[in-house]
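Report on the structure given below.
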Amino acid sequence: MIPENWTKMKLPYFFQQLLGFLAVIIILMTITVVYLVHFGRHTAFGEIERRLFGYAESIVEQNLDSEELDTIHEVLGKQGVSFYVFEEEGRLIYPELPPHLEARVVPEEFQQLENGERLALTTEQEDMLGNPSETAFIYMPYFRQSTEDFAGFITVSAPISQVDRQMSELHGNVFDAFVLSTAVAIIMSIIFAHYQVKRVNRLRKAAHQVAEGEYTIQLEHKGRDEIDYLSKDFNRMVNALKETSEEVARQEERRKTFMQDAAHEMRTPLTTVNGLLEGLEYNVIPEEQKLRSIQLMRKETRRLIRLVNENMDYENIRSNRIILNKNNIPVTEIFEEIKEQLKEMVEDSTNTMTFEAADDLSVYADYDRLKQILVNLIKNAMQFTTDGEIIIRGQRTHTGTRLSVIDTGIGMTEDELRFIWDRYYKADTSRVNTKYGESGLGLAIVQQLIEMHQATIDVDSEPNKGTSFHLDFPFKVSE
Ligand SMILES: Nc1ncnc2c1ncn2[C@@H]1O[C@H](COP(=O)(O)OP(=O)(O)OP(=O)(O)O)[C@@H](O)[C@H]1O
Ligand SMILES: [Mg+2]
């Protein structure tokens with residue numbers, strides 16, 4: 001429930017939760033109590049004032065008959081209620097006082113009484129023992145029956161010790177309720193805080209495991225609240241991390257393979273060149289063979305240069321160090337140039353090559369880079385096709401121009417297709433070192449260039465049937 005290292009934490013989450021719950025509950029309780037006490041007092045006063053007005057009304061109903069008043073005086077006196085009747089000038093007319101005394105009580109609110117208003121006041125007086133005690137006071141005007149003129153007023157008063165008794169009872173009850181609900185609140189807070197902390201700790205533990213490199217962890221979640229959503233995001237994060245780490249491992253593997261391949265590829269030409277140079281140095285190569293030796297050395301060095309150049313080109317494109325110079329290029333024009341460039345290669349092969357495009361077809365691209373893309377794809381097609389046909393086609397589409405390179409060669413399986421865009425990937429490593437000098441960089445470069453053109457590339461392939469690459473270039477967007 002409480003984390004092991006909680007002592008080191010300033011205020012552990014568990015206690016934060018607990019305090020939060022308690023604070024809310026105690027504030028709510030306090031507001032309720034204050035309200036209840038205030039409301040209780042208010043109603044108790046209201047009640048007592050209503051009662052006093054009731055007495056005053058029944059006094060008026062007796063027509064201020066002094067006998068009747070005596071009886072009422074006696075009855076009310078037993079309940080601690082006293083009343084006085086005044087005439088319109090404010091002179092006391094009941095109870096009667098000895099003739100030498102004249103009581104005249106004119107309250108400040110006399111004017112209001114004259115207007116027929118009733119008044120209720122609470123004053124602090126001293127009881128017989130000199131203790132301060134509150135008294136409820138009401139003033140009620142009465143009127144002449146015939147003319148309805150103001151005829152005087154009655155005051156009725158009662159000590160409100162009764163209210164105090166009621167109030168202290170109420171306080172007692174409220175206090176009990178307060179203690180009880182605080183106890184229940186604490187228990188519930190502990191349970192709830194415990195539950196929340198458990199969920200947070202589950203996440204913590206999982207995060208810890210992920211930090212240790214365990215990417216298989218998945219948290220359960222029901223999508224109910226923020227912690228559930230956090231768990232969901234956590235799972236997504238773990239999956240992403242897993243993919244990244246797998247990708248890194250794959251890249252690393254590929255890099256190792258490339259280093260081996262590159263070393264292998266470089267060693268063969270370098271050994272050849274070295275051998276030939278040695279032969280020349282010690283003059284063991286017959287005169288008529290010398291020219292051929294030199295040609296062979298040049299061919300091998302060209303291969304090395306190509307390997308280095310392709311790597312550099314790939315890096316440059318990848319790090320956005322090249323700028324495209326896009327134009328509307330007539331497709332037939334670029335096809336003609338490629339045809340010319342690859343003529344020898346086609347003649348040396350057993351394949352046929354056909355170009356198909358309408359005369360007015362154009363494509364919005366960088367001339368040199370588009371040629372690079374197409375030459376790469378066509379060379380691949382030639383490389384993996386024997387006694388077959390290679391078609392290079394241009395078509396207008398709704399969104400732009402589609403260029404396709406179609407061959408009837410060895411094709412690829414779905415597994416192979418997944419990786420062909422990866423750097424240094426060669427479907428069949430045993431085919432390394434063919435006459436075209438594979439480095440596994442061709443398609444990786446093509447893909448980068450296609451991306452830079454905001455174009456797309458698709459591939460369909462079937463083993464032993466052939467492969468088609470389709471490039472879709474969008475129309476020029478006017479700026
Ligand atoms: N038309 C195709 N038919 C069959 N397989 C292909 C075709 N094009 C590409 N591939 C496969 O995809 C792999 C990657 O091609 P990519 O052009 O990137 O490299 P490469 O041709 O081996 O080397 P590079 O082009 O750098 O000299 C190839 O080795 C091959 O296995
Ligand atoms: Mg290639």
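Annotations
- The string of couplings for the range 139-148 from the Karplus curve (6.51, -1.76, 1.60, θ = phi - 60°) is 10, 10, x, 10, 10, 5, 5, 6, 9, 6 Hz, one whole number per residue in order, with x for Gly and Pro.
- Full extension of the segment from residue 28 to residue 67, taken as 0.36 nm per residue of separation minus the current Cα-Cα distance, would add 8.4 nm.
- Note: the range 179-332, Cα convex hull, 263 Å³ per residue.
- Karplus-derived HN-Hα couplings along the range 231-244 (A = 6.51, B = -1.76, C = 1.60, θ = phi - 60°), whole Hz, x at Gly and Pro: 4, 5, 5, 4, 4, 5, 4, 4, 4, 5, 4, 4, 4, 4
- Residues whose amide H comes within less than 5 Å of that of residue 363, counting only those at least five positions distant or on another chain, are 329, 331 (H built at 1.01 Å from N in the peptide plane).
- For the chain, the alpha-carbon radius of gyration amounts to 2.28 times the rule-of-thumb value 2.2 N^0.38 Å expected for a compact globular protein.
- Flagged links, alpha-carbon separation over 22 Å, of 299/343; 343/476; 256/299; 371/465: 343/476; 256/299; 371/465
- Along the range 406-413 the Karplus relation, 6.51 cos²θ - 1.76 cosθ + 1.60 evaluated at θ = phi - 60°, assigns HN-Hα couplings of 10, 10, 10, x, 6, x, 9, 7 Hz to successive residues, with x for each Gly and Pro.
- As a proxy for reagent exposure, ranking 30, 408 by other Cβ atoms within 10 Å from fewest up yields 30, 408.
- Sequence-distant residues sharing a close amide H with residue 219 (under 5 Å, placed H): 235
- For the chain, the mean residue ellipticity at 222 nm estimated from helices alone is -19000 deg cm²/dmol, where every DSSP H run of n ≥ 4 contributes -39500 (n - 2.57) and the total is divided by all residues, rounded to the nearest 500.
- Coarse-grained scattering of the range 323-474 at q = 0.09, 0.13 Å⁻¹, given as base-10 log I(q)/I(0) from a Debye sum over alpha-carbon atoms: -0.26, -0.56
- The fewest-to-most ranking of 221, 171 by surrounding Cβ atoms within 10 Å reads 171, 221.
- Share of pairwise Cα-Cα distances greater than 14 Å in the range 54-96 is 45 percent (whole percent).
No lab work stands behind these numbers, since they all come straight from the coordinates. Everything numeric in this text was worked out from a predicted model, so none of it was measured. Here Cβ is always computed from backbone atoms with ideal geometry, including for glycine, and neighbour counts include all displayed protein chains.
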